[in-house]
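Some notes on the structure that comes next.
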Amino acid sequence: MTNMRGVDRVNRAFSGISTFLRANYCEDIAQLQAEMAIFGVPFDEASPFMPGTRMAPRSIREHSMRFSPSGFYDIARQQHFLASEITDGKIQDVGDIDILPTNLSQTMENISAMTRQLRRKGVIAVAMGGDHSVSYPLIRGIEEPVHVIQFDAHLDFAPVQHEMHYTNGQPFRHIAALPQVKSLTQVGIRSLRVRPGEIADAQAQGSRIVPVNDFRQCSPQQIAALLPAGEKCYVSIDIDVLDMALVPGCVSAEPDGLSYAQLRDTLCALAERMDIIGFDLVEVNPLLDVATGMTSYLAAHTMVEFMGHIFAHR
Ligand SMILES: [Mn+2]
């Protein structure tokens, strides 16, 4: 019995100390030698409605342990993914961002410092939110030119009112303005609560908006082809892009959303076409979820499958 992945152990999902996919835990980023690092951003102070997404990283990690550290077999493709990336240490868990309640600027700097440190080492940065506000400091920490694609029911491009700048309804207004962000593509948009002014502002800042009805007219490859092949790409996945029925543990869930297969196939097409340097998955709220934790499980499922395709195309 050498570690928690030891082959002589049964390792049921409820047994062991949680890291994502039972990956090695690396406490010191300076010492990290990996190709991909996963971390939690347990922050939900920017949620205007029900809090609780701060509990998501812990919950998603637990549900990730239902998958094998030796990857998964896709029966449709007859292909094994992530067979050795965990055991070889290519994927490691680097823990959680230190969150400082009420000290927003330093919390945001702690988040940016993580993506900055990881990208300076050439490591793919994978973040588990938190609410969607965390995507701005995450992408702000990336110093190289990058194309951003967001999967979301909402634009998250709300104007600044009453000196509120960093709610979870605003991150893409700030992301679109970052000098290193070469383009912004917003996919799955459908909420009746998106205001016309938000759409106009996003388009004025160069955002390419793909409403859900347009999305359904396109193949996954056509969506990926909106971005220039081979260039660096960051993917932000708001779990509310999926249909409301799939995500009971998401306060911003909306009807008429994507199926899992539609999201998965589009992520696969992006992994095939683009150089994925990071992604986040946000807005899972375990405090609202059903008892099976299906929203956390779906989040882990989405991440594991996307990670598999990222490595398959490296
Ligand atoms: Mn969002």
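The values are calculated or read from the model by the stated rules, or taken from the named source; none is laboratory data. If you're wondering where the values come from, they're calculated on a predicted model, not measured in any experiment. Methodologically, a virtual Cβ is constructed for each residue, glycine included, from the backbone with ideal geometry; neighbour enumeration extends over all protein chains shown.
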Margin query: Checking Tyr166 against (1) buried (at least 21 other Cβ atoms within 10 Å of the Cβ); (2) more than 11 Å from the ligand (Cβ to nearest atom); (3) aromatic (Phe, Trp, Tyr), only one condition comes out false. Which one?
Written below: (1)
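Just need a number here: residues in segment 221-246 that are more than 18 Å from Leu192 (Cα to Cα) and either within 16 Å of the ligand (Cβ to nearest atom) or out of contact with any Lys or Arg (no Cβ under 9 Å at 6 or more places or on another chain) (or both).
Filtering segment 221-246 down to residues more than 18 Å from Leu192 (Cα to Cα) leaves 221-237, 246.
Narrowing the set further to residues that are either within 16 Å of the ligand (Cβ to nearest atom) or out of contact with any Lys or Arg (no Cβ under 9 Å at 6 or more places or on another chain) (or both) leaves 222-223, 234-237, 246.
The qualifying residues number 7.
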Check: So which residues in segment 12-44 are of a type outside the set (Gly, Ala, Ser) and surrounded by fewer than 16 Cβ atoms within 10 Å (Cβ to Cβ)?
Finding: Arg12, Phe14, Ile17, Tyr25, Glu27, Asp28, Gln31, Gln33
Notebook entry, point to check: Residues Ile86, Ile99, Ile139: which one is within 16 Å of the ligand (Cβ to nearest atom), surrounded by 16 or more Cβ atoms within 10 Å (Cβ to Cβ) and modelled with pLDDT of 95 or more?
Noted result: Ile139
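Right, Gly130: small (Gly, Ala, Ser) and within 16 Å of the ligand (Cβ to nearest atom) or not?
Working: small (Gly, Ala, Ser): yes; within 16 Å of the ligand (Cβ to nearest atom): yes.
Taking the combined requirement at face value, the residue satisfies it.
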Check: Which residues, counting only those in segment 36-94, are touching a residue at least 24 places away in the same chain (Cβ under 8 Å), among the aliphatic types (A, V, I, L, M) and part of a loop (DSSP other than H, G, I, E, B)?
Finding: Ala46, Met50, Met65, Leu82, Ile86
Item checked: Sole exception among (1) over 14 Å from Met128 (Cβ atoms); (2) touching a Lys or Arg at 6+ places or on another chain (Cβ under 9 Å) for Glu27, by number -> (2)
Notebook entry, point to check: How many residues does segment 148-165 contain that are out of contact with any Phe, Trp or Tyr (no Cβ under 9 Å at 6 or more places or on another chain) and part of a strand (DSSP E or B)?
Noted result: 3
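Among the helices (runs of 4 or more DSSP H) contained in segment 208-314, which hold 2 or more residues that are basic (Lys, Arg)?
Details: elements: 212-215, 220-224, 260-273, 294-312.
Once the helices (runs of 4 or more DSSP H) in segment 208-314 are filtered for at least 2 residues that are basic (Lys, Arg), what remains is 260-273.
Restricting attention to segment 120-136, does a residue exist that is part of a helix (DSSP H, G or I), farther than 17 Å from Asn168 by Cα and either within 15 Å of the chain's Cα centre (by Cα) or not aromatic (Phe, Trp, Tyr) (or both)?
First pass over segment 120-136, keeping only residues part of a helix (DSSP H, G or I): 120, 132-136.
Applying the additional criterion that residues be farther than 17 Å from Asn168 by Cα yields 120.
Those still in the list that are either within 15 Å of the chain's Cα centre (by Cα) or not aromatic (Phe, Trp, Tyr) (or both) too: 120.
Yes, segment 120-136 contains a residue that is part of a helix (DSSP H, G or I), farther than 17 Å from Asn168 by Cα and either within 15 Å of the chain's Cα centre (by Cα) or not aromatic (Phe, Trp, Tyr) (or both).
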Checklist line | Lone unmet requirement of (1) on the phi > 0 side of the Ramachandran plot; (2) under 14 Å from the mean Cα position of the chain (by Cα); (3) not acidic (Asp, Glu) for Gly293 | finding: (2)
Notebook entry, point to check: Name the residues in segment 45-64 that are crowded, with 23+ Cβ neighbours inside 10 Å and closer than 15 Å to Phe20 by Cβ, would you?
Noted result: Ala56, Pro57, Ser59, Ile60, Arg61, His63, Ser64
Next item on the list: Restricting attention to segment 169-189, report how many residues are surrounded by fewer than 21 Cβ atoms within 10 Å (Cβ to Cβ) and not hydrophobic (A, V, I, L, M, F, W, C).
Entry: 6
Next item on the list: Select from segment 204-256 the residues that are under 24 Å from Glu283 (Cα atoms) and of a type in the set (S, T, N, Q) and write down the one among them that is surrounded by the most Cβ atoms within 10 Å (Cβ to Cβ).
Entry: Ser236
